[in-house]
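Notes follow once the structure below has been shown.
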Amino acid sequence: MRARVLVTTRAGGRSAPPYDENNLATHVGDDPDAVAANRRRLAGQLGVDGVRFMAQVHGADVAVVDAATRDDPADVDALVTQAPGLAVAVLVADCVPVALVAGTAVAVVHAGRRGVVDGVVAAAVDAVRRLDSGPVVATVGPAICGRCYEVPAAMQDEVVAAVPAAKATTAAGTPGLDLPAAVRSQLADAGVEVPAQPGICTREDPRFYSHRRDGVTGRFAMVAMLSP
Ligand SMILES: [Zn+2]
């Protein structure tokens with residue numbers, strides 16, 4: 001089965017500042033009508049009736065959804081589906097969005113600092129493999145880079161103890177975290193293929209929302225679906 005993976009940008013939606021323009025999140029204080037319009041526009045671009053989001057909690061739980069799933073799953077940070085034409089989406093603004101594609105299953109994952117430590121990436125890979133025993137290919141989307149993500153030294157120590165690849169030094173020479181590198185190492189450890197991709201930093205690239213750069217702001221999406 002063919003799969004599609006895409007990342008939205010800020011451009012082209014109905015949201016007013018500071019959520020301009022294409023905010024897809026309902027939990028950040030934006031006008032619900034604008035978010036609904038932006039979500040309809042995304043579904044239209046994908047050629048589907050609707051896109052399945054989730055109420056993310058920085059945890060490591062995974063939900064499997066199908067065409068009969070009516071509500072967005074709560075308290076999960078990964079969505080898996082085998083339903084052709086059902087788009088699943090993760091919302092981010094600096095955290096790492098990941099898409100997993102297997103032959104008959106796709107997943108999206110929300111991997112922030114907490115999720116990286118708690119193993120959400122491996123949990124999502126396991127969930128995909130329970131449904132499809134073939135190779136899994138990952139796409140790591142735009143996220144804050146190690147030069148931009150400054151954290152207290154104790155926090156860096158905690159994350160690096162769990163995932164050594166997370167260690168970074170910021171442009172200011174202070175302790176940092178490279179979450180995209182951490183996620184890539186976790187994917188490699190799980191035996192997932194991660195094609196070389198240019199790393200896009202959300203804080204440096206104004207096409208994307210960045211919580212670190214903007215504070216109150218919107219969320220963009222990484223979406224995965226099996227072609228109908
Ligand atoms: Zn950066």
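Tabulated results
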| item | result |
| --- | --- |
| Test: residue in the stretch 189-198 that is assigned to a helix (DSSP H, G or I) and out of contact with any Asp or Glu (no Cβ under 7 Å at 6 or more places or on another chain) | yes |
| All positions within the stretch 166-183 that are among the small types (Gly, Ala, Ser) and either in a strand (DSSP E or B) or closer than 18 Å to residue 123 by Cβ (or both) | 166, 168, 176, 182 |
| Tally of residues being farther than 16 Å from residue 140 by Cβ and either within 16 Å of the ligand (Cβ to nearest atom) or assigned to a strand (DSSP E or B) (or both) across the stretch 218-228 | 2 |
| Any hit, the stretch 31-46, residues being farther than 24 Å from residue 227 by Cα, among the small types (Gly, Ala, Ser) and assigned to a loop (DSSP other than H, G, I, E, B) | no |
| Cβ pairs under 6 Å, 6+ apart, first in the stretch 143-161 and within 7 Å of the ligand (Cβ to nearest atom), second acidic (Asp, Glu) and part of a loop (DSSP other than H, G, I, E, B) | 144/94 |
| Some residue of the stretch 120-129 being within 16 Å of the ligand (Cβ to nearest atom) and under 20 Å from the mean Cα position of the chain (by Cα) | no |
| The one condition in (1) polar (S, T, N, Q); (2) within 16 Å of the ligand (Cβ to nearest atom); (3) loosely packed, with under 15 Cβ neighbours inside 10 Å that residue 210 fails to fulfil | (3) |
| Failed criterion for residue 25 (all others in (1) surrounded by fewer than 16 Cβ atoms within 10 Å (Cβ to Cβ); (2) closer than 24 Å to residue 116 by Cβ hold) | (1) |
| Options 170, 202: the member that is within 14 Å of the ligand (Cβ to nearest atom) and touching a Lys or Arg at 6+ places or on another chain (Cβ under 6 Å) | 170 |
| Among the residues listed as 89, 105, the single one being at pLDDT 95 or above, crowded, with 24+ Cβ neighbours inside 10 Å and out of contact with any Lys or Arg (no Cβ under 8 Å at 6 or more places or on another chain) | 105 |
| Residue check for residue 186: polar (S, T, N, Q), in contact (Cβ under 8 Å) with a residue 40 or more places away in the chain, assigned to a loop (DSSP other than H, G, I, E, B) and on the phi < 0 side of the Ramachandran plot | no |
| All positions within the stretch 132-177 that are of a type in the set (Gly, Ala, Ser), surrounded by 20 or more Cβ atoms within 10 Å (Cβ to Cβ) and over 20 Å from residue 194 (Cβ atoms) | 176 |
| Residue 126 being surrounded by fewer than 23 Cβ atoms within 10 Å (Cβ to Cβ) and modelled with pLDDT of 95 or more | yes |
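This table checks each residue for (1) within 27 Å of residue 198 (Cβ to Cβ); (2) among the hydrophobic types (A, V, I, L, M, F, W, C); (3) buried (at least 20 other Cβ atoms within 10 Å of the Cβ); (4) modelled with pLDDT of 95 or more.
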residue: 44; (1), (2), (3), (4): no, no, no, yes
residue: 48; (1), (2), (3), (4): no, yes, no, no
residue: 96; (1), (2), (3), (4): yes, yes, yes, yes
residue: 100; (1), (2), (3), (4): yes, yes, yes, yes
residue: 110; (1), (2), (3), (4): yes, no, yes, yes
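The values are calculated or read from the model by the stated rules, or taken from the named source; none is laboratory data. Keep in mind it's a predicted model, so treat the numbers as computed, not measured. Heads up, the Cβs are rebuilt from the backbone with ideal geometry, glycines too, and the neighbour counts pull from every protein chain shown.
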